[in-house]
1. Tell me yes or no: at least one residue of region A:220-239 is surrounded by 21 or more Cβ atoms within 10 Å (Cβ to Cβ), within 16 Å of the chain's Cα centre (by Cα) and either polar (S, T, N, Q) or modelled with pLDDT under 95 (or both).
2. Counting only residues that are within 8 Å of chain A (Cβ to nearest Cβ) and crowded, with 17+ Cβ neighbours inside 10 Å, which one in region B:19-60 is farthest from A:Phe55 (Cα to Cα)?
3. In region A:173-197, which residues are more than 21 Å from the chain's Cα centre (by Cα), farther than 17 Å from A:Thr232 by Cβ and at pLDDT 90 or above?
4. Can you pull out the residues in region B:1-13 that are within 13 Å of chain A (Cβ to nearest Cβ) and either of a type in the set (Lys, Arg) or not in a helix (DSSP H, G or I) (or both)?
5. If I go through region A:63-92 residue by residue, how many of them are under 23 Å from A:Pro154 (Cα atoms) and surrounded by 21 or more Cβ atoms within 10 Å (Cβ to Cβ)?
6. Over 19 Å from A:Pro212 (Cα atoms) and assigned to a strand (DSSP E or B), is that true of A:Leu168?
7. Inside region A:67-161, counting only strands (runs of 3 or more DSSP E) that do not spill past its ends, which hold 2 or more residues that are within 18 Å of A:Val35 (Cβ to Cβ)?
8. Please enumerate the residues belonging to region A:35-82 that are among the aromatic types (Phe, Trp, Tyr) and either more than 14 Å from every other protein chain (Cβ to nearest Cβ) or touching a residue at least 60 places away in the same chain (Cβ under 8 Å) (or both).
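The values are calculated or read from the model by the stated rules, or taken from the named source; none is laboratory data. Owing to the predicted nature of the structure, the values given are computational and were not obtained by experimental measurement. Here the Cβ positions follow ideal geometry from the backbone for every residue, glycine too, while neighbour counts run over all protein chains shown.
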Amino acid sequence: MTELLVGTKKGLFVLEGEPGAPFDVTARAFAGEPVEYAMRDPRSGRVLASVTSPFYGPKIWYAGDPAGEWEQAEGVALPAGGDAALERIWVLVPGAADGIVYAGGDPGVLLESRDGGATFEVNRALWEQPGRDSWQPGAGGLCLHSIVPWPGDPDRLALGISAAGVWLTDDGGASWRRGNEGIVARYLPDDPPAADEVALCVHQLKRSATHPERIFMQFHGGVYRSDDGGETWTDIADGLPSDFGFPLALDPGDPDSAYVIPLVADVDRVTPGGHVRVYETRDAGASWAPRGDGLPTEHAYLTVLRGAMDQVGAGESLELYFGATSGAVFGSGDAGATWFDVAAHLPPVLSLTASS
Amino acid sequence: MPLVRLRGPLKQLAGDSAEHAVEGGSVGELLRELERAHPSTSGWILDERGALRRHINVFVNGELGAQETPVGPDDRIDVLPALSGGR
């Protein structure tokens with residue numbers, strides 16, 4: 001049985017099923033509220049959800065059973081007395097060490113929990129990073145949307161911030177440095193300022209489970225691969241119909257694999273030609289192949305947001321899932337070879353995570 | 001003492017009680033005192049800057065107020081989510 005936690009504009013939906021047929025909606029929580037992200041921590045079984053009420057502000061909630069009682073996590077705020085307020089939590093990620101959970105938010109803030117998500121604290125080094133005043137928000141705000149721990153090494157972490165680029169730490173978040181060498185921002189002038197001064201609109205980062213020095217990136221106009229833990233980047237978008245998009249998924253069993261969903265361009269953020277296709281590489285980006293058998297082939301102009309694609313399993317039994325702002329959710333039980341409808345009429349999908 | 005009236009989730013967070021007699025000379029002082037008395041409400045009405053959240057309205061005796069609006073011992077303060085539409 002596969003479980004999907006689907007964060008939507010109107011609440012959290014829990015879907016359960018087997019690949020090949022529509023899933024059942026087994027629970028709904030936070031009805032009417034935007035649920036930006038939800039995930040089940042595989043270590044504890046606890047479900048965490050970020051919810052931003054338009055009235056009462058962003059909160060993180062946790063529960064053992066998403067159909068049961070939820071508790072509000074403490075400490076989900078910027079340092080008191082400053083001139084900024086937390087706008088939104090974009091992502092929740094289990095850390096490499098027991099009990100560690102990270103939350104990424106707007107304005108470019110990393111929160112850390114050491115008790116599985118019951119209490120959080122702001123990472124002060126990133127919050128007080130010199131030069132932060134020059135960070136520019138993307139269209140969705142100054143969002144820290146990607147957090148990629150290094151399996152087995154809690155001190156190493158990479159972050160993606162739109163539009164402040166990639167940030168790396170080797171000391172557990174005590175200090176941070178940029179990791180942007182090789183990234184080309186076409187939306188900047190031909191002679192942009194130095195790399196540490198420009199607005200780099202990273203859309204998504206995913207790290208290989210077996211080769212953690214390898215990270216894939218979907219950029220705002222570009223798809224990149226790093227083989228040195230995020231220090232330098234190589235463009236691997238050749239062969240895609242468009243290098244603009246948001247989500248990424250990887251096969252945990254294959255460090256050369258990646259899946260992206262190209263959209264037309266930043267000025268037209270829909271699937272090209274009304275044809276929904278996921279693109280797969282199995283050679284680290286040297287070539288890409290469309291995977292669309294079972295996906296809509298005409299009049300389908302979908303937008304898939306950065307947090308709305310995930311996978312479970314590996315290898316030939318890799319399952320892939322993604323949701324669109326149309327409210328449709330699609331899945332594949334055979335690593336993208338064929339696809340099926342998981343759900344058709346949910347509210348706009350903001351995020352999707354899968355577990356089994 | 002001024003009376004702060006809450007509804008919905010704010011009422012639940014404040015001990016499931018709709019009416020709270022709270023000390024203070026302004027709306028902001030009342031709301032901060034309410035947070036001290038009911039810590040579960042912290043961050044729901046005022047953000048971490050101490051500012052009234054953008055889509056929360058406060059009415060003093062039926063008139064729209066603000067954080068600095070003075071209040072007297074016989075005043076009634078309603079804390080309400082703003083009327084919103086289009087989303």
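1. yes
2. Only one residue tops the list, namely B:Glu48.
3. Across region A:173-197, the qualifying residues are A:Ala174, A:Ser175.
4. Matches in region B:1-13: B:Leu6, B:Arg7, B:Lys11.
5. Residues in region A:63-92 being under 23 Å from A:Pro154 (Cα atoms) and surrounded by 21 or more Cβ atoms within 10 Å (Cβ to Cβ): 6 in total.
6. No; evaluated as a whole, the condition is false for this residue.
7. Passing ranges, in order: A:88-94, A:101-106, A:143-150.
8. A:Tyr37, A:Tyr62 - these are the residues of region A:35-82 that are among the aromatic types (Phe, Trp, Tyr) and either more than 14 Å from every other protein chain (Cβ to nearest Cβ) or touching a residue at least 60 places away in the same chain (Cβ under 8 Å) (or both).
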